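*Asks:* Dropping the structure in here first, questions after.
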């Protein structure tokens, strides 16, 4: 059975995930260290993990697999979930797959190296937009349909 796992601590599309998943009747697991408001809907479950680095990521990676959809901006988590057979979406609607995850990981590592080499380097990417939200809604709808067969 398809489930949607959300790396929820800093996810800007929690409400959109809930809306699309409820339309499809799919269970959602909002995984975080706490600080998010639980949903009253029985298909939306809040999973609170121990505080600490990557605890939510570890939990999601241990549970998500083939037929599931994972929503995260965390590239190492995405790589683990892709390897496990899950469909992975970033909040901007970009799908991370076996075809592109290697390049995305390499780019992430390169950017981390550049930032560490120049501590005065500024910037963190562009702001999350309405177009990103719209792309995400469409991508999640397609991912759930595909995962459910």
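*Asks:* Which condition from (1) within 11 Å of the chain's Cα centre (by Cα); (2) exposed (fewer than 14 other Cβ atoms within 10 Å of the Cβ); (3) free of Cβ contacts under 8 Å to residues at least 24 places away in the same chain is the one that residue 96 breaks?
*Replies:* Failing condition for residue 96: (2).
*Asks:* Next up: Scan the range 38-58 residue by residue and report those that are within 24 Å of residue 15 (Cβ to Cβ) and outside any loop (DSSP other than H, G, I, E, B).
*Replies:* 44, 45, 46, 47, 48, 55, 56, 57
*Asks:* What pairs can you find where one residue is in the range 40-62 and farther than 16 Å from residue 28 by Cα, the other is buried (at least 16 other Cβ atoms within 10 Å of the Cβ) and at pLDDT 95 or above, and their Cβ atoms are less than 6 Å apart, with a gap of 6+ or different chains?
*Replies:* What qualifies is 55/49.
*Asks:* Could you pull out the residue among 104, 82, 70, 88 that is at pLDDT 90 or above, surrounded by 16 or more Cβ atoms within 10 Å (Cβ to Cβ) and not in a strand (DSSP E or B)?
*Replies:* Going through 104, 82, 70, 88 in turn, the sole match is 82.
*Asks:* Among the residues of the range 63-80, write down those that are closer than 16 Å to residue 143 by Cα and without any contact (Cβ under 8 Å) to a residue 24 or more places away in the chain.
*Replies:* 65, 66
*Asks:* To continue, here is another question. Taking the range 1-37, which residues are part of a loop (DSSP other than H, G, I, E, B), without any contact (Cβ under 8 Å) to a residue 24 or more places away in the chain and closer than 25 Å to residue 127 by Cβ?
*Replies:* 37
The values are calculated or read from the model by the stated rules, or taken from the named source; none is laboratory data. It should be emphasised that the depicted structure is a prediction, and the values quoted were computed from it without experimental measurement. Quick reminder, even Gly has a Cβ in these numbers, built from the backbone with ideal geometry, and neighbours come from all protein chains shown.
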